[in-house]
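Novice: Next up is a structure, given as structure tokens.
Just so it is clear, none of the values below were taken in a lab; they were calculated from the coordinates. Keep in mind that this is a model prediction, so the values were computed, not measured. Quick reminder, even Gly has a Cβ in these numbers, built from the backbone with ideal geometry, and neighbours come from all protein chains shown.
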Amino acid sequence: MSFAGYGLATVRVTAWVVAAAWTLRTFAAARGMPGVPDLLRTEFDVEPEGQPWVTVIVPARDEGPHILACLESLLAQDYAGIDVIAVDDRSTDDTGAVMEGLAERHWDRLRVIHVTELPAGWLGKTHALALAAREASVLRQPDFLLFTDADVVFREDALRRTLVYAVASRADHMVTMPTMLVRRWDEGVVLGFFQTFWTWAVRPWKVEDPKAIRDAVGVGAFNLVRRSAYLELGGFEAQKMDILEDFTLARRVKRAGLRQRIAFGRGLVTVHWASGAMGLVGVMTKNLFSAFRFHASLVVIACFWLAVFAVGPALGIWWQETRVASLIAVACVAWSYRMSGRHSNVAAWNFVFFPVGAGVFIFTLLRSMFVTLWQGGVWWRGTFYSLKELRREAGPMR
């Protein structure tokens, strides 16, 4: 067989391998996703057993436009057993003043901590989270700690419904998946790809399985942790320099054999991640490389995989030799969009932009890598961290 013949055979085989992989993963999702609880169901519209106390921790740096809506939504929760600790992490805008103004009206439920200097060896966010968690243990010794972000808004029953499931399932770590607000069509392109690609990285239906160590979910918008589990893990003191602190915490929970839970609830927890596709690119640029523990070879492999599995089928439907296999893969993509669309604001028809979203994601991965390597590190919350110290603290991929 000639070289051209081998090349043609390789393309055909690859197309069918991609189609088979998409088919297996899509059918697995179709079987597994209905088992992930939807907190909007009436069975969760009750009071949690035992009325556990929750301290919500909100770190913020220069979040003046968002922090008021976040804190007001937390203080408006229809569950009485909560208090809030807001951390002003060296803000240069009116974030701290907004916090203090609200605390004056809710002095019994909202406490404000101001960080003016960052200790050596810490990222700003992990330091703020750890500081507030220690304060919570002194003030209330709550049953649960909820770590969230300053641009998140909570529906009034979000915490109550989450706690019902967390208590009933004896969760040590619980994530209520946030609903991404889509304000522009190009945001839907990127977010639609992201939510479908996510089921390749993590199988949500396997999160509760203690044997599925790699299927761990941590989301900065909503990380509910039992305080006893948090202390058992060593808190954020054990991951002082971790950029993806939410995901790392989730992986530590799974590796420790603690009980991890996940649930959907469209509209319970909402966040507008960034404005437009390029805004999303900018947000992801600063942290995507860290997901690969700053290994360039892993980024290159990931980009190649994305090109084959996400862009390849869209190209393959135009060539007769790979058309059938590619149509099977595209049909699976459309099905995946339909399944994930039940819990998001991304309409199923956005599947037609899947290869475009993949292209944007590949660009963002490479951009994150090149920017970090060119800078020799990462700017994070106004502080520069060298690549050498970040790699040292990140450790190996596990």
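Novice: Step through the table entries Lys125/Lys240; Lys211/Lys254; Lys254/Lys388; Lys125/Lys254, compare each Cα-Cα distance with 18 Å, and write down the pairs that go over it.
Specialist: On the way: Lys125/Lys240 9 Å; Lys211/Lys254 9 Å; Lys254/Lys388 28 Å; Lys125/Lys254 22 Å.
Violating the 18 Å Cα-Cα cut-off are Lys254/Lys388; Lys125/Lys254.
Novice: The range 249-389: Rg/Rh from Cα coordinates, Kirkwood Rh? Could you put the intermediate results ahead of the total?
Specialist: On the way: Rg = 18.1 Å, Rh = 17.8 Å.
Looking at the range 249-389, the ratio lands at 1.02.
Novice: Multiply the residue separation of Asp78 and Glu232 by 0.36 nm, subtract the distance between their alpha-carbon atoms, and state the gained length in nm to one decimal.
Specialist: Numbers: separation 154, 0.36 × 154 = 55.44 nm, distance 3.01 nm.
Separation in residues times 0.36 nm, less the Cα-Cα distance, equals 52.4 nm.
Novice: Additional query: Show me the three semi-axes of the equivalent ellipsoid for the chain, from the C-alpha gyration tensor (sqrt of 5 times each eigenvalue), largest first, rounded to whole Å.
Specialist: On the way: eigenvalues 285, 119, 74 Å².
After diagonalising the Cα gyration tensor, the semi-axes are 38, 24, 19 Å.
Novice: Can you tell me, using C-alpha contacts under 8 Å and at least 6 residues apart, the relative contact order of the chain as a whole percent? Each step should come with its number before you reach the end.
Specialist: Details: 682 pairs, mean separation 85.8, N = 398.
So the answer I get is 22 percent.
Novice: Further question: Taking springs between alpha-carbon atoms closer than 10 angstrom, which of Asp108, Asp89, Asp143 fluctuates most in the Gaussian network model of the chain?
Specialist: Maximum among the listed residues: Asp108.
Novice: Work out how much length Ser275 to Val324 would gain on full extension: take 0.36 nm times their residue separation and subtract the Cα-Cα distance, in nm to one decimal.
Specialist: Working: separation 49, 0.36 × 49 = 17.64 nm, distance 3.74 nm.
Full extension from Ser275 to Val324 adds 13.9 nm.
Novice: What ranking do 281-291, 220-230 get when scored by the average of other Cβ atoms within 10 Å per residue, highest first?
Specialist: Values: 281-291: 18.9, 220-230: 22.2.
Sorting 281-291, 220-230 by mean packing, highest first, produces 220-230, 281-291.
Novice: I'd like the distance separating the alpha-carbon centroids of the range 22-52 and the range 130-170, in whole Å.
Specialist: Here the answer is 20 Å between Cα centres.
Novice: Take every Cα-Cα distance within the range 149-199, group them into 10 Å bins from 0 onward, and report for each bin the whole-number percent of pairs it holds.
Specialist: Per 10 Å bin, starting at 0, the Cα pair percentages come out as 19, 37, 34, 10.
Novice: Simple spin-label model, 7 Å along Cα-to-Cβ: Glu100 to Thr116 in nm?
Specialist: Spacing of the two 7 Å Cα→Cβ label points: 1.1 nm.
Novice: Would you mind pulling out the separation of the Cα centroids of the range 84-125 and the range 247-281, in Å?
Specialist: Going from one Cα centre to the other spans 23 Å.
Novice: Now, a different point. Dimensions of the range 55-170 along principal axes (Cα, Å, largest first)?
Specialist: Computed over the range 55-170, the largest-to-smallest principal extents equal 41, 29, 22 Å.
Novice: Please sort through the DSSP H helices of the chain and keep those with an alpha-carbon extent of at least 30 Å along the long axis and a Kyte-Doolittle average not below 0.0.
Specialist: Correct list, ordered by number: 3-32, 354-375.
Novice: Expressed as a whole percent, how much of the Cα-Cα distance distribution for the range 1-116 exceeds 22 Å?
Specialist: Numbers: 4051 of 6670 pairs.
Counting every Cα pair in the range 1-116, those more than 22 Å apart make up 61 percent.
Novice: Given Cα pairs under 8 Å that are at least 6 residues apart, what percent is the relative contact order of the range 274-358?
Specialist: Values: 46 pairs, mean separation 18.9, N = 85.
After rounding, I find 22 percent.
Novice: Continuing with the same structure: Based on the alpha carbons, how large is the Rg to Rh ratio for the range 130-223 when Rh follows Kirkwood?
Specialist: Details: Rg = 15.7 Å, Rh = 15.6 Å.
Looking at the range 130-223, the ratio lands at 1.01.
Novice: Okay, next question. Can you give the Kirkwood hydrodynamic radius of the range 199-246 from its Cα pairs, in Å with one decimal? All intermediate terms of the calculation are to be shown ahead of the outcome.
Specialist: Working: mean 1/r = 0.0815 Å⁻¹.
Taking every pair of different Cα atoms in the range 199-246, averaging 1/r and inverting gives 12.3 Å.
Novice: Okay, next question. Subtracting the Cα-Cα distance from 0.36 nm times the residue separation, let me have the gained length for Arg293 to Arg338 in nm, one decimal. The partial results should precede the final answer.
Specialist: Values: separation 45, 0.36 × 45 = 16.20 nm, distance 3.24 nm.
Fully extending the segment from Arg293 to Arg338 adds 13.0 nm.
Novice: Then there is this: Which residue, Glu63, Glu100, Glu72, tops the fluctuation ranking in a GNM of the chain built on C-alpha contacts under 10 Å?
Specialist: Glu72
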